[in-house]
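The values are calculated or read from the model by the stated rules, or taken from the named source; none is laboratory data. Just so you know, these numbers come straight off a predicted model, no measurement behind them. Cβ coordinates were reconstructed from backbone atoms using ideal geometry, including for glycine residues, and neighbour counts include every protein chain displayed. Ligands, DNA and RNA are excluded from the accessible area calculation, which covers all protein heavy atoms including side chains. Shrake-Rupley method; radii C 1.70, N 1.55, O 1.52, S 1.80 Å.
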Amino acid sequence: MPMTRRDVLRRVPTAASAIAFTDTAGLAQERADNVIPPGVVTLEDFATLAKARLSAQTFESVRGGSADEITVRWNRDGFNRIPLRPRVLVDVSTLDTRLSLFGQNLAFPIVLAPAGVHGLLHPEGELEAARGASRARAVLVIPFSHTRPVEAIVRLASPAPWFQLYVTPDRGKAREASAGGPTSSRRWREGRPP
């Protein structure tokens, strides 16, 4: 019988949580609102939880996509076509997930995609996302429509963050949105790789 994503995720949360929160053990206890309830493991589980906690307008802003949401459906369908192939009794003692991407050395290929207006979801907005990404040692992509100053986000993010830049007819808005952004984003704007 094939294993579902839910089956896999239900088997690993304890180990994954222990690894992910090693250096922040007291944080979840201090902030009970950050505790993920038992049984919440899939994207749909999180969507149900978010719908219960957020205003309808905020939930739809986060859940939805632009225009008629065709790409949202395509992305979901594409993700669902990826089969899980659990491999057991495989030697992973020499597993190495490091890579170099755009000239930046990363411990693993995980990047937090840019999601605009974090301030709708958390009072600290992208600052809290930068803290979380840093704790997980993942790259944060600062969204073009950020709600906190780029300089403050950059100070909190490690590894160095990237910046989502839309090239619009209003070049002043693009310059303003990326002011103080990471060096790599400035190099991309100038047409040079980082």
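Computed on protein heavy atoms with a 1.4 Å probe, the accessible areas place V88, V35, V150, V111 in the order V88, V35, V111, V150, largest first.
Annotation: amide H of V141 within the under-5 Å range of L112, W162, sequence separation 5 or more or interchain, hydrogens built in the peptide plane. At an R0 of 22 angstrom, the distance between the Cβ atoms of R175 and Q104 translates into a FRET efficiency of 0.45.
On the beta carbon distance between N75 and F46, with R0 = 25 Å, the FRET formula returns roughly 0.95. The convex hull built on the alpha-carbon positions of the range 55-172 has an orientation-averaged projected area of 10.9 nm². At the residue level, I36 shows approximately 100 square angstrom of accessible surface with a 1.4 angstrom probe and all protein chains present.
Modelled spin-label separation between A115 and R155, with each label point placed 7 Å from Cα along the Cα-to-Cβ direction: 2.5 nm.
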